[in-house]
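Single-structure report; data block below.
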Amino acid sequence: RQSISRMSGGGGALGRMRRRSTFSFNEKILGLAILLITAVPFILHQHIVHDEVHHHPYHRPPQTSKVVNRNFGSAESGGHVRYSIDGEYTYDGDLPADIGETGRTLLLSALQKRPVWDQELVPELEKERCDRYFVYQNYDSNTTTYKGRKRRRVFMGSLIADDSWHTLATIAMETYGIYTAVAFVESNRTQTGIPRKSRFVEGTLDHKLLVESNLFGPETEVLIEHFSHEEKVEGMGLIREHMQRNRILKLWKKAGMTPDDVGILTDADETVSRDFLRAVQSCDFPQFDAKTENCDTPKVAVASMVFEGSPECMTVTRKWMHPDIIL
């Protein structure tokens with residue numbers, strides 16, 4: 001009996017050990033499932049974007065020669081830079097001293113003098129592009145179409161303050177040669193009224209790089225206005241911001257905007273993709289036709305992807321309905 005009793009007791013302990021082992025295994029399976037559910041949307045997004053970019057017939061990445069002479073200087077000192085491709089200087093000037101090696105690389109790439117590689121309008125490709133997009137008007141979905149029109153002119157307008165050259169250079173490269181004009185408004189105060197030092201003042205390196213260097217394209221005019229309002233601002237909300245954005249409209253008119261042109265109101269850390277910008281120029285959007293636009297849905301609010309710190313840190317659930325595009 002003692003022998004049977006001990007075996008029974010041992011069996012009970014073994015049974016408890018097996019149940020605990022099985023429970024731990026289930027925990028691992030559950031954790032793996034949660035990890036997969038979290039990671040799959042990001043993986044799919046990366047795959048889709050990679051496939052669209054590298055297999056679309058319009059994708060022609062800028063070609064650079066193997067014979068490149070880059071005298072970057074040190075990232076700490078900034079300093080004068082001569083950047084050449086096949087012996088031809090494409091940028092000869094100073095860079096900010098405090099933007100780091102990544103910032104310098106991005107900014108130098110954006111400052112390259114180069115042709116606009118997708119300047120030619122190919123009807124077959126424009127039709128394919130237009131078939132990929134749709135917009136809502138009065139809560140109804142409308143697929144855009146291509147009707148053989150010439151490209152619309154597009155004007156961009158943004159507030160600007162302490163935005164990094166990493167961001168500005170990236171946006172300039174993505175939109176290079178598309179905008180007819182780019183308008184910036186810089187204030188000497190923050191949106192809450194705190195004084196700040198103006199950064200893009202004429203005669204400074206920042207002004208030279210942003211306004212005078214053809215950063216956004218060989219024929220893209222860049223304008224900047226400095227906003228100052230020292231009186232008390234009455235009202236709730238971002239009244240000061242609205243006052244600054246109103247100046248953008250005046251800069252667009254100064255740059256030659258007409259009633260048939262399209263304006264994009266954005267911030268300096270936002271952009272639409274190059275492919276969608278080309279769609280805005282060529283596709284049949286009801287919001288961009290004076291005969292079909294209406295007061296209920298007068299603009300296109302872009303459904304944007306959001307990342308924090310790096311494009312590799314794309315948010316999964318957060319949505320951002322900007323920039324805004326209007327005739």
Phi to ³J(HN,Hα) by Karplus 6.51 cos²θ - 1.76 cosθ + 1.60 over the stretch 269-279, Hz, x for Gly, Pro: 10, 10, 6, 8, 5, 4, 4, 5, 4, 5, 5
- prompt: If we count every other residue with Cβ under 9 angstrom of G93's Cβ, Lys/Arg +1 and Asp/Glu -1, where does the sum land?
  reply: 0
statement: Of all GluC sites (Glu not before Pro) in the stretch 246-327, the ones in DSSP coil with at most 14 other Cβ atoms within 10 Å are E308, E312
- prompt: Which distance in nm do the two modelled labels at T315 and R132 give, with both placed 7 Å along the Cα-to-Cβ direction?
  reply: 2.5 nm
task: For K113, list the aspartates and glutamates whose Cα falls under 18 Å from its own Cα; do not include residues on the same chain fewer than 8 positions away.
output: D86, E88, D92, D94, E174, E212, E219, E221
message: Treating the stretch 194-327 as a set of equal point scatterers at the Cα positions, no solvent, please give the Debye-formula log₁₀ I(q)/I(0) at q = 0.15 Å⁻¹.
response: -1.05
message: Relative contact order of the stretch 141-235, please, whole-number percent, based on alpha carbon pairs below 8 angstrom and at least 6 residues apart.
response: 30 percent
query: Where Lys and Arg each count +1 and Asp and Glu each count -1, what net charge lies around S164 among other residues with Cβ under 11 Å from its Cβ?
result: -4
message: Given Cβ point charges of +1 (Lys, Arg) and -1 (Asp, Glu) and nothing else, what value in debye, to the nearest 20, does the dipole of the stretch 190-327 about its Cα centre take?
response: 300 debye
task: Pairs to check: K147/K208; K150/K254; K208/K253; K197/K253. Give those whose C-alpha atoms are more than 30 Å from each other in this structure.
output: K147/K208
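Every read-out reported here was derived from the displayed coordinates using simple, explicitly stated rules and does not represent laboratory data. The structure displayed is predicted, hence computed values, not measured ones. Cβ coordinates were reconstructed from backbone atoms using ideal geometry, including for glycine residues, and neighbour counts include every protein chain displayed.
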